[in-house]
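Worksheet: the structure to be examined is printed underneath.
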Amino acid sequence: MSKRRSWQPALGLLIGFAAVAGVVASTQNHPAHQPLEATLAPRSPSRSTGEGLTLARPFLHGVDMTLSEATQTVHFNIPRPNDPLASDEHVTHVWVDMSSGQAQIQIVYSSGVYVQLGAALSSMADAQSTLEAFTEMASEDAAQTGGQAQVVTVKDSPAYLVPENSVMWANGESQGGPGCVELVTAGEVVDVVEHLGNGDLLRIASTVGATP
């Protein structure tokens, strides 16, 4: 089993912004790495926000709040990007679910980029163990992404890149999903997701944790 995070996606609860399925708390110490179709799926329709975007609840018990309210709720400084496509000035929604006792967070930006955060497993407490976990994930996902999913380096730390449109159905056709960069910072697993090229995703990910 891979040692990815202390929570894992729930199948079938695709969110409107397009990438990560709804999340429920896991009681497993070492949850199995989920198939990529469970986490990187094409956009699904939802109700309109009136801003040209869609809104759906990404967590079973998620509450939509301001960034300030979210920080007060989770009691820590939330790692997040500071990029022209994903900065505090462009936050449209912040979803927080505390039902498991650990914060599950999703921050949505007007560009369509969003970041999702959850507590990293204790087995990913350092760069070497994180590298090993991401390497295992890349091996598990190789067939489903045609070998495109890969371990990369972001700010001198290991990260996991799944390029846009790389996740395939069993017949070899692309699922049309967004790209994602996953990294671990300040004890949190952070996913940066959107229909963007690798360069843009990696640039945004490189700013995670920066002071806005």
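The values are calculated or read from the model by the stated rules, or taken from the named source; none is laboratory data. These numbers were taken from a predicted model, which means no experiment stands behind them. Glycine gets a Cβ as well: all are built from the backbone with ideal geometry, and neighbour counts include every protein chain shown.
Numbers for the structure displayed
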item: Count of residues meeting criterion [assigned to a loop (DSSP other than H, G, I, E, B) and either of a type in the set (Lys, Arg) or surrounded by 15 or more Cβ atoms within 10 Å (Cβ to Cβ) (or both)] in segment 62-81; result: 5
item: Of all residues in segment 107-144 being buried (at least 23 other Cβ atoms within 10 Å of the Cβ) and either without any contact (Cβ under 8 Å) to a residue 24 or more places away in the chain or of a type in the set (Ser, Thr, Tyr) (or both), the one that is farthest from Pro84 (Cα to Cα); result: Thr130
item: Qualifying residue in segment 160-173 (condition: under 29 Å from Val74 (Cβ atoms) and at pLDDT below 95); result: no
item: Filtered residue count, segment 176-212, keeping only those that are acidic (Asp, Glu) and either farther than 27 Å from Ser122 by Cβ or outside any strand (DSSP E or B) (or both); result: 2
item: Flag if Gly199 is without any contact (Cβ under 8 Å) to a residue 24 or more places away in the chain and surrounded by fewer than 19 Cβ atoms within 10 Å (Cβ to Cβ); result: yes
item: Whichever residue in segment 82-94 is out of contact with any Lys or Arg (no Cβ under 7 Å at 6 or more places or on another chain) and not aliphatic (A, V, I, L, M) and, among such residues, is surrounded by the fewest Cβ atoms within 10 Å (Cβ to Cβ); result: Glu89
item: Residue in segment 164-184 that is nearest to Val208 (Cα to Cα), counting only those that are crowded, with 21+ Cβ neighbours inside 10 Å and not β-branched (Val, Ile, Thr); result: Leu183
item: Failed criterion for Gln148 (all others in (1) in a helix (DSSP H, G or I); (2) among the polar types (S, T, N, Q); (3) surrounded by 15 or more Cβ atoms within 10 Å (Cβ to Cβ); (4) over 16 Å from the mean Cα position of the chain (by Cα) hold); result: (1)
